[in-house]
Amino acid sequence: MEIGYSGEGGDAEAHYDGVQLTHRFLDDVVADLHALGHSSTPSDIGHDFHAGFSVWSMHSLWARDLDPEAGEDDERAVSEGVSVAPYAYFTEG
């Protein structure tokens, strides 16, 4: 299952364990989840969490979509979606 961002922020977005997963900077989402003890491995588009989901960015949003002060060369990825499946689904090659 995939859950995309709504673009509204806050309660309109996907959440897990009190952390907003979508429509935030991907690195911030990963840091917040790791701080809560959730482990993950990086993927080519995001992070795969052992709890059975992946947060990812296809880079269709850019930093300025979240931070009006961001420069045009700001490469921070925006978390655009969550895929839900067993961890092995994401890591099997």
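Considering only DSSP states other than H, G, I, E and B, which GluC sites (Glu not before Pro) in the chain qualify as loop sites with at most 10 other Cβ atoms within 10 Å?
Of the GluC sites (Glu not before Pro), the ones in loops of the chain whose Cβ has at most 10 other Cβ atoms within 10 Å are GLU8, GLU69, GLU72, GLU75, GLU92.
Farthest toward the positive end of the dipole of region 4-43, out of LEU26, TYR5, SER40, is the Cα of SER40, where the dipole comes from beta carbon charges about the Cα centre. For region 17-24, putting each phi into the Karplus relation 6.51 cos²θ - 1.76 cosθ + 1.60 with θ = phi - 60° gives couplings of 6, x, 9, 6, 8, 10, 6, 9 Hz, in residue order, rounded to whole numbers and with x for Gly and Pro. Taking amide H atoms as placed 1.01 Å from N in the peptide plane, the amide H of ASP48 lies under 5 Å from those of THR41, SER43, each 5 or more residues away in sequence or on another chain.
Rolling a 1.4 Å probe across the protein heavy atoms gives the chain an accessible surface of 58 Å² per residue.
Find how many whole Å separate the alpha carbon centroid of region 79-93 from the alpha carbon centroid of region 1-31. If we compute the Cα centre of each part, the gap is 15 Å. Near PHE53, the amide H atoms lying under 5 Å from its own belong to ALA85; only residues 5 or more places off or on other chains count, and H is placed 1.01 Å from N.
Using a 10 angstrom cutoff on alpha carbons, build the Gaussian network for the chain and name the most mobile of VAL29, VAL82, VAL19. The residue with the greatest mean-square fluctuation here is VAL19.
Determine the share of region 1-83's accessible area contributed by carbon and sulfur atoms, expressed in whole percent, with a 1.4 angstrom probe.
For region 1-83, the apolar C and S fraction of the accessible surface comes to 47 percent.
Entry note, the chain: the mean residue ellipticity at 222 nm calculated from DSSP H runs of n ≥ 4, each adding -39500 (n - 2.57), is -4000 deg cm²/dmol after division by the residues and rounding to the nearest 500.
Scalar couplings 3J(HN,Hα) for region 74-87, obtained by applying the Karplus form with A = 6.51, B = -1.76, C = 1.60 to θ = phi - 60°, are 5, 9, 4, 7, 9, 5, 9, x, 10, 10, 10, 5, x, 3 Hz; x denotes Gly and Pro. With θ taken as phi - 60° and the Karplus curve 6.51 cos²θ - 1.76 cosθ + 1.60 applied, the whole-hertz 3J(HN,Hα) list for region 56-73 is 8, 9, 9, 6, 8, 10, 10, 3, 5, 5, 9, 10, x, 8, 5, x, 5, 9 Hz, x standing for glycine and proline.
The values are calculated or read from the model by the stated rules, or taken from the named source; none is laboratory data. Predicted model only: the values in this text are computed from it and were never measured. Backbone-built Cβ (ideal geometry, glycine too); neighbour counts: all protein chains shown. Calculation scope for accessible area: heavy atoms of the full protein, side chains included, ligands and nucleic acids excluded. Shrake-Rupley method; radii C 1.70, N 1.55, O 1.52, S 1.80 Å.
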